[in-house]
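The structure appears right after this line, and notes come after that.
Bear in mind these aren't lab numbers, they're just calculated from the coordinates by the rules spelled out. Keep in mind the model is a prediction, meaning the values are calculated, not measured. Because the Cβ atoms are built from the backbone with ideal geometry, glycine has one as well, and the counts that use them run over all protein chains shown.
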Amino acid sequence: MSSITKPPIRHPSLQKNALGLSKQDYEGGMSTLCAGCGHDSVTAALIQAFWELDLPPHRAAKMSGIGCSSKTTGYFMKQSHGFNSVHGRMPSVTSGANAANRDLTYIGVSGDGDSLSIGLGQMAHAIRRNVNMLYVLENNGVYGLTKGQFSASADVGSKSKKGEANEQNPIDPLLLALTLGATFVARSFSGDKQQLIPIIKAGLAHHGFALIDIISPCVSFNDHEGSTKSYAHTRAQSVELVEADFVPLRREIRLPAQHPAVSVVKLHDGSSVCLRATDGSYDPNDRDTAYQHVRACQSRGEVATGLLFVDEAARDLHDMNRTVATPLAELPFEVLCPGKGALDTLMARYR
Amino acid sequence: MPPTDVANPRYYHKVVDCQWACPAHTNVPQYLRLIGLGRYDDSYLLNRQSNVFPGILGRTCDRPCEPACRRGRVDEKPVAICRLKRVAADLRGDITDRLPKAPAQKNGKRVALIGAGPSSLTVANDLLPLGYDVTIYERHTKPGGLMRFNIPAFRLPEQVLDEECGYIVDMGATMKYGTTVDSMKALIAEGYDAVYVGSGAPRGKDLEIPGRWDAPAILTGMEWLSSVHFGHVQKIDKRVIIIGVGNTAMDCCRTSLRLGATDVKVVARRSREFFKASPWELEDAEHEGVQIIENHAPKQFVIENGRLVGMEFERLQWSTVDGRQKSTVLDTVVIPCDAVILAIGQDNAFPWIERDLGIEFSDTQMPVVDKVTHQSSRPGVYFGGDAAWGPQNIIWAVEHGHQAAISIHLHCWGRDVTARPAPGMTLVSAKLGLHAWSYNNDYNPSPRATMQHEALVRRFESMNVEVELGFTPEQSAREVERCLNCDLETHFAADLCIECDACVDVCPTSCLTITQNHSPVDELRQRLSAPALNATQEIYVSTLLPQTKRVMVKDEDVCLHCGLCADRCPTAAWDMRQFDLLKPYAGVEHR
Ligand SMILES: Cc1cc2nc3c(=O)[nH]c(=O)nc-3n(C[C@H](O)[C@H](O)[C@H](O)COP(=O)(O)OP(=O)(O)OC[C@H]3O[C@@H](n4cnc5c(N)ncnc54)[C@H](O)[C@@H]3O)c2cc1C
Ligand SMILES: Cc1ncc(C[n+]2csc(CCOP(=O)(O)OP(=O)(O)O)c2C)c(N)n1
Ligand code: SF4
Ligand code: SF4
Ligand code: SF4
Ligand SMILES: [Mg+2]
């Protein structure tokens, strides 16, 4: 909460983007989250990325479930479409929405509870279907909204605010996603916008399911000593495996593309992302080495960050299901609903 | 960049743009809040502490605070600071028992002040409560100086002037009215411990062009305004030309309209952007029907049979050559008229100060006066107001008075006048609870209040009809809310910060950045959340943050003092703190 809503005044040196919109045009309602919550920083990074990408707000859909993290879709792009689903159902609702209209940009925001406990099955199948969406998992190791119970991403030994240690094995969303065939897998930190914003932009440009697991500390219930999802711990333990530089269509590539450790991935919309592995043996285009590196970091107690794996060639839900390109809402009624005659013909094929 | 030293009152003082710009450093935001609370007496007295004449200045101040006001940078128009001062003055009750008083027991020091204008009166105001025996020599029979006999009553009612000068005179100054000091030597011989020269710049500049002395209807503005004030002049002919576009010209043209002129032209050598008059005075004059003519240089007076019939001008065209303004003459025109008033500036004159007293004068016959101490080359003799460095305005005259009073006090007790008492400050947290602040931190989007004016026909009935009617209570209530409360400072404690970015993210005006402190300030200014391009505004840089050894940087330029950063900070690393500048006065020191 805050005492007032944001005054409508902005710094005079702030620019407009290609759509003539200021960053303010990408803002939403005032956050009601705790002061200092990592989720608010993620919101700020999303706003910055949308603004930089000239994303038309009315062509985006914000999808979420239940949790503090899921509330944040209310805090950005107030002019966009949106659906706040029941707990854990955001991936399915987004799959449905995307099936019906592939022209919108889908931004799903979820939490570790929403995605890895009640919604685990939902998320798994959205990954398998390679639904074309940005999937932002704001990961704080607890159920923030219900006051700090351990979530499925809590590490073994991580302490609750009262001091008990978690004893169950964590689910690492990245390892899970890599095994399920995810085509864009990244991890970042709410406290590191320099790393996070290019990844968000690349994720939005990616054709298919783009998962960003964002360590986003819960200041009220999981930012104490002994927690492995606190600001201090994340800063101390994060290891950037791959540096990503998002290059929009209009801009020249600046990272030395000839550099042996740099790979340039052309994204669906013509933009590209330059990836530079910080360790020479790492190939962000290879699922297996990605898996090994993340796993190795995990066993050392480190937090692997960066855009860890991209496969831009994979087919998405529409490609695999050979759906019609036009959004269903724009199809003429006769085509969408061809009538009893067409149904009878179809049924006859199965008699 | 080294971390910012906020322990020095200078830093937070500069954030309060209006208070910084005010020569007397009036605590504007606090007096506005007091008006908002209906505490007019308190607001008036707070004003009086620094600017001494709130009722007078609330009508006449040159208001350097307003162009400086932060609100003007975020919303086109500044807070109507000046006219709100008038609100406090108009709505105050009887405050006489809360005014400073002179002690019954005097301190044995005698001080002479020459002139009873605002600067001398300020010296008296500061010294009388300390027990000084103060004698004021004044040529005229009433106090106030130019505020009384040059500023016309339609801008400044006599009763307002009487009251505020009275507060000081009634403290027990010995008034020698009708006494012109014509020999400094003689005055010094009377054995005063200190002498203050507050005699103003009393002479209107003349214009020596052909015809100047050939007709009686050619007048100088200051003398003419005085004659009007004293009732020696009660009317003027129909067609009047005023030469010059300063504030004196504005008073002359508007006074002419009240004395029977119907066709009044103000003629200027240059174009509008170079006019010296305040924009609001130009506006008022034009509204009353005064015609303003640009780019005309006076050539000669046209006299027929000993009577002024017109004035010849050269029409000029201005261009910029090598960065300097150059004029070329297009042609000449004669503008018919019955009278001309010259309002082209003021001169100082000190024929009554003998040059063998150790009071040094420059080539231009101005006294050599120290900018800080106001002391002349003769210790014990001080200059201030228009007498020190030429014509300025009332609020500067007041501040000169305060500073000279400090010097006189130091001098009289044998202390070094150059060892100035330092300002202090108090900084008090405004936090009342979770998301509750001791001030109204919300942004009020209302546009600046517009002044109500007396109807034109009523105005011209007499010299004494005050033109500005003041703000209505509703207008005042809204206008004080436009103030951004710049004295509620964002105060940062680096050791508490966990670098969560909440403050950076919530700040509506992108004032905050957490970044590396590794480059020169110019480069740092460029890479903030929003580039800090206004170099007149400070950049705050914290000490190293605990987790990443980066720093918190704040661009002060368009901070709204909304408190959202402190609202959203989980550790109270940001706090909103009310800053109060403790300004030193004679006998009032803070450190
Ligand atoms: C027409 C006009 C309009 C103005 N309007 C404004 C305005 O709207 N706002 C503003 O801020 N400023 C205005 N000013 C300027 C302002 O009035 C002066 O800057 C201010 O009054 C200076 O104060 P002071 O105390 O230095 O001297 P003054 O006000 O000039 O007072 C000097 C006093 O000393 C007396 N005196 C002089 N010599 C002697 C002597 N030898 N012996 C005894 N007594 C002597 C004089 O009679 C006078 O009373 C205006 C000036 C003019 C001319
Ligand atoms: C069906 C259902 N079961 C349980 C809940 C209670 N509940 C609300 S939020 C939440 C967990 C949220 O955790 P997470 O997704 O990590 O969000 P966070 O608040 O930590 O951001 C739970 C269990 C619910 N709202 N609905
Ligand atoms: S907005 Fe208020 S506090 Fe700020 S500069 Fe203007 S008057 Fe001063
Ligand atoms: S008070 Fe804080 S949040 Fe508000 S404008 Fe200033 S720095 Fe930004
Ligand atoms: S909100 Fe407070 S703790 Fe967070 S970055 Fe800002 S000052 Fe630091
Ligand atoms: Mg959570």
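Which angle from 0 to 90°, rounded to the nearest 10, does the C-alpha axis of helix A:90-100 make with the longest principal axis of chain A? Once rounded, the angle reads 30 degrees.
Here B:Lys142 is the anchor, and the lysines within straight C-alpha reach of less than 21 Å, apart from those fewer than 8 places off in the same chain, are B:Lys176.
Which trypsin sites (Lys or Arg not before Pro) does segment B:315-403 hold that lie in a coil by DSSP with at most 14 other beta carbons within 10 Å?
Listed in order of number, the matching sites are B:Arg355, B:Lys371.
Counting only alpha carbon atoms, the long axis of helix A:193-205 and the longest principal axis of chain A meet at about 10°.
Given the -39500 (n - 2.57) contribution per DSSP H run of 4+ residues, what per-residue ellipticity at 222 nm results for chain B, rounded to the nearest 500 deg cm²/dmol?
Values: 22 runs with 174 residues, N = 591.
One gets -8000 deg cm²/dmol as the mean residue ellipticity at 222 nm.
Please give every one of the lysines within straight-line cross-link reach of A:Lys159, meaning a C-alpha to C-alpha distance under 24 Å, and leave out same-chain neighbours fewer than 8 residues apart. Excluding near neighbours in sequence, the set is A:Lys147, A:Lys229. Computed from phi, the 3J(HN,Hα) profile of segment B:228-237 under the Karplus parametrisation 6.51, -1.76, 1.60 (θ = phi - 60°) reads 5, 4, 7, x, 6, 10, 10, 8, 9, 5 Hz, with x in place of Gly and Pro.
Averaging over all projection directions, find the projected area of the Cα convex hull of segment A:23-348 and quote it in nm² with one decimal place.
Details: hull surface 72.3 nm².
Its average projected convex-hull area is 18.1 nm².
Ratio of the protein assembly as shown's C-alpha Rg to 2.2 N^0.38 Å, to two decimals? All intermediate terms of the calculation are to be shown ahead of the outcome.
Details: Rg = 37.0 Å, N = 942, 2.2 N^0.38 = 29.7 Å.
So the protein assembly as shown has a normalised radius of gyration of 1.25.
Here the dipole of the protein assembly as shown is about 980 debye; that uses its Cα centre as origin and unit charges on the Cβ of Lys and Arg (positive) and Asp and Glu (negative).
Within the set B:Lys101/B:Lys583; B:Lys235/B:Lys265; A:Lys6/B:Lys85; A:Lys23/B:Lys554; B:Lys276/B:Lys299; A:Lys23/A:Lys193, which residue pairs have Cα atoms separated by over 24 Å? The partial results should precede the final answer.
Details: B:Lys101/B:Lys583 20 Å; B:Lys235/B:Lys265 17 Å; A:Lys6/B:Lys85 30 Å; A:Lys23/B:Lys554 19 Å; B:Lys276/B:Lys299 21 Å; A:Lys23/A:Lys193 16 Å.
Pairs exceeding the cut-off: A:Lys6/B:Lys85.
Is there a simple number for the mean count of other chain Cβ atoms within 10 Å of the Cβ of residues in B:384-396, and what is it?
Details: counts 0, 0, 0, 0, 0, 0, 0, 0, 0, 0, 0, 0, 0.
If you average over the peptide's residues, the count of other-chain Cβ atoms is 0.
If you keep only loop residues by DSSP, which chymotrypsin sites (Phe, Trp or Tyr not before Pro) in segment B:169-240 have at most 13 other Cβ atoms within 10 Å of their Cβ? For chymotrypsin sites (Phe, Trp or Tyr not before Pro) across segment B:169-240 that sit outside H, G, I, E and B with at most 13 neighbouring Cβ atoms in 10 Å, the list reads B:Trp213, B:Phe230. Straight Cα distances below 16 angstrom link A:Lys161 to the aspartates and glutamates A:Asp223, A:Glu225, with same-chain residues fewer than 8 positions distant left out. Protection proxy ranking for B:63-74, B:455-466, using the average of other Cβ atoms within 10 Å per residue and placing the highest first: B:63-74, B:455-466. Basic side chains Lys and Arg get +1 at the Cβ, acidic Asp and Glu get -1 at the Cβ, and with that the dipole of segment B:205-346 about its Cα centre reaches some 120 debye.
Using a 10 Å Cβ count of at most 15 others and DSSP loop calls, identify the longest part of chain A lacking such GluC sites (Glu not before Pro).
Details: sites that count: A:Glu164, A:Glu167, A:Glu225, A:Glu252, A:Glu302.
Excluding the exposed sites themselves, the longest stretch runs over A:1-163.
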